[in-house]
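This report refers to the structure that appears directly beneath it.
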Amino acid sequence: MATAPAARGRGPVVAALMLSMALGAIDGTIVSTAVPQIVGDLGGFSVFSWLFSGYLLAVTVTLPLYGKISDTFGRKPVLIVGIIVFVIGSLLCATAWNMAALIAFRVVQGLGGGALQGTVQTIAADLYPLKERPKIQAKLSTVWATSSVAGPAVGGLFAGHLDWRWIFLINLPTGALALWLIVKHLHETSRSAAARSGTGAARGAAPVRRPRLDWAGALAVFATGALLVTALVQGGVAWPWLSAPSFAFFGGAAALAVATAVIERRAAAPIIPGWVWRRRTIAAVNLALGAMGLLTVAPTVFVPTYAQSVLGLGPIPAGFVLSVMTLSWPIAAALSSRVYNRIGFRLTAVTGMSVATLTLLSFPFLPFPGQAWQPALVMLVLGCGLGLFQLPLIIGVQSSVGWSERGTATASIMFNRQIGQSVGAALFGAVANGVLAGRLAHAHGLRLSGDLDSVSRTLGNPDSLDTAVADYLRRAVDSAVDSVFLGAAGAAVLTLLVLLFVAPRRFPVIQEESRQENADAS
């Protein structure tokens, strides 16, 4: 089957991929604005942060497992199972009777979300040849950007005018439609089965027995990731960084990481195979996207706080300051093919990250208190740089491997990006709180907790503060956010060093006769 004619049947599958992407993307933000209503109904204020941490934990630790399963048994069954688990988790969340139940059901959602995140990207690469991949990736990026912007607004609308449970119930029809489209229109053909059984079957030799899944490795990877992510997201929140629980979680994660390496080295078909780190292309992109995940915490987490606490904007205008980045990102990604087709994947990524580095360094030079358009302009340019950086690397990695390795490779880079985000949230949270505590320690007469959340809540009611005190607190928050952006710029410099000295000058590209012999849409 030729690649070109397959375009006639790709439409329904692309629609299913976009719906699946929307399920996972919007769920990360839609809950945030409904937290007051959820806590007011179910209680559990002291543990509500696990609504986000539990979901993130489940998504992150399952990514490598789903990537390996998709290479072993095919993409379609993984995506179907992922949608079903996600929808069941959503239905359970809507029926939660207390905060503990809701957190547990959010974890179930995350178990499905891990399958959605990696498998959608892998199927997109299967369906489209190299020259056409920016089109589908731009569509998926647009869905992600739109969901990120619309999520908080939709969550607030449901919580304020209907009921917070509709936040989860809305996933049911969306998931059902995506599931129907995948079942009906996505068909993996014989060559896919041959690739899953081994190269011998594809050449006409006797088929090799389908490899068994490395369950010991899967459990080890899951446990290691669970301890590590828990230590990162709860350190400094549920317990101090230098405390027994923190040492226990990090120590346990380190010990399990060693055990995982031993198990995976002995496994016939490891969940995280050694070639993920032995091949320069994939290893470099793993490190680069891990660093990118770290630096993106600066705009996504701290710019809304900056806009509200320093500029005095309301929640919705503050969200729009950040939203320009999520709009410029997919546009730059869509146009990146015009660049990397001329200068290559590596130099395109270097160009994008160079722009991002200079933009991050410019943030501390914004005037105080400034106007909303100034940080918005910074976010606009930053989105352009990151869009130009990320997509060429993802496409480059997917094009450097065959069908039977693409799921593992894609899951690997996404796993590292998720870990980077967790590290960034912990690291920059500590940096911001440290700078803020230092500023408040020299504020005579101010008795405030030295953490960003407490100061932000205090500034949320400026009428209760003396003008001089409010101005001092705003300057303290401004200094804290400036320090975070300087740290993010440092992470961007490390990313450039990885691209320049670890990544190969030219990414190897595997030429396949027909993408549609691997995954066909009809």
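Nothing in this text is a laboratory measurement; each read-out follows from the coordinates by a stated rule. Keep in mind that what you see is a predicted model, and the values were worked out from it rather than measured. With ideal geometry, Cβ positions are generated from the backbone for all residues, glycine too; neighbour counts draw on all protein chains shown.
In this structure the amide hydrogen of A269, modeled in the peptide plane, comes within under 5 Å of no amide hydrogen from residues 5 or more places off or on another chain.
Can you put K135, K76, K68 in order, fewest other beta carbons within 10 Å first?
On the way: K135 14, K76 18, K68 26.
Listed from fewest to most nearby Cβ atoms, that is K135, K76, K68.
State log₁₀ I(q)/I(0) for the range 274-509 at q = 0.11 Å⁻¹ as given by the Debye formula over alpha-carbon point scatterers of equal weight, solvent excluded. With one equal scatterer per Cα and no solvent, log10 I(q)/I(0) is -0.59. Placing a pseudo-label 7 Å from each Cα along the Cα-to-Cβ vector at S362 and R212 gives an inter-label distance of 5.8 nm.
What the phi angles of the range 250-258 give under the Karplus curve with 6.51, -1.76 and 1.60, with θ = phi - 60°, is a coupling list of 5, x, x, 5, 5, 5, 5, 4, 5 Hz, glycine and proline written as x. Note that the range 56-62 has calculated 3J(HN,Hα) couplings of 4, 4, 5, 4, 5, 6, 8 Hz, one per residue in order, obtained from phi through the Karplus relation 6.51 cos²θ - 1.76 cosθ + 1.60 (θ = phi - 60°); glycine and proline are x. Rounded to whole numbers, the Karplus 3J(HN,Hα) couplings from phi for the range 98-108 are 7, 5, 4, 5, 5, 4, 4, 6, 5, 5, 4 Hz, using 6.51 cos²θ - 1.76 cosθ + 1.60 with θ = phi - 60°, and x at Gly and Pro. Protection proxy ranking, highest mean first, for peptides 350-356, 54-60, 168-174, 503-509: 54-60, 350-356, 168-174, 503-509, where packing is the per-residue count of other beta-carbon atoms within 10 Å, averaged. Distant-in-sequence amide contacts of G236, defined by a placed amide H-H separation under 5 Å and a gap of 5 or more residues or a different chain, comprise W241.
Test of understanding: what is the full-extension gain from A255 to A441, defined as 0.36 nm times their sequence separation minus their Cα-Cα distance?
Values: separation 186, 0.36 × 186 = 66.96 nm, distance 3.85 nm.
Computed gain between A255 and A441 is 63.1 nm.
Projecting label points 7 angstrom from Cα along Cα→Cβ for D163 and R506 puts them 6.2 nm apart. Protection proxy ranking for 18-25, 175-182, 489-496, using the average of other Cβ atoms within 10 Å per residue and placing the highest first: 18-25, 489-496, 175-182.
For K139, a cut-off of 24 angstrom between C-alpha atoms picks up these lysines, skipping any fewer than 8 places away in its own chain: K76, K131, K184.
For the range 214-268, a Kirkwood radius taken over Cα pairs fed into Stokes-Einstein (25 °C, viscosity 0.890 mPa s) yields D = 212 µm²/s.
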